[in-house]
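Below is one structure, written out as structure tokens; the observations come after it.
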Amino acid sequence: MSEGRQMIAIASQIQEMELASRLRETEVTRAVQRGTMRESVGEMHIARLRAGIATLRWLERNEAKIKARVAGATS
């Protein structure tokens, strides 16, 4: 992987996190069914991913305000 920083749109980040969340949820469900993970632990992992998605959605909704505030602070 490249060490350079690449700008990735928030919408794309959300899309990727949603995919990761669905995959992880399937993984957790199987682990719980096999008895290799407690359900409460699996729920915690899924909750963390969902919280990350919610944060990204909040950032997306407020992106213009955040950028305006940052621009005003650096002027």
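Every read-out reported here was derived from the displayed coordinates using simple, explicitly stated rules and does not represent laboratory data. Everything quoted here is computed from the prediction, not taken from an experiment. Methodologically, a virtual Cβ is constructed for each residue, glycine included, from the backbone with ideal geometry; neighbour enumeration extends over all protein chains shown.
Cβ under 12 Å from G52's Cβ, G52 left aside: what net charge do those residues give with Lys, Arg +1 and Asp, Glu -1?
Result for the neighbourhood of G52: +2.
Restricting the calculation to Cα positions, tell me the Rg (one decimal) and the Dmax (whole number) of the chain in Å.
17.0, 57
Can you give me the long-range amide H partners of M37? Hydrogens built in the peptide plane at 1.01 Å from N, cutoff under 5 Å, separation of 5 or more residues or another chain.
V32
Under DSSP H, which helices of the chain have Cα atoms covering 18 Å or more of the helix axis and a Kyte-Doolittle average no less than -1.0?
10-34, 39-61
Pairs of alpha-carbon atoms within less than 8 angstrom and 6+ residues apart define the contacts here; what relative contact order does the chain have, in percent?
Contact order relative to length: 39 percent.
If we count other beta carbons within 10 Å of each Cβ, what is the order of V32, V41, fewest first? Let's see the in-between values first.
Values: V32 16, V41 12.
Ranking V32, V41 by Cβ neighbours within 10 Å, fewest first, gives V41, V32.
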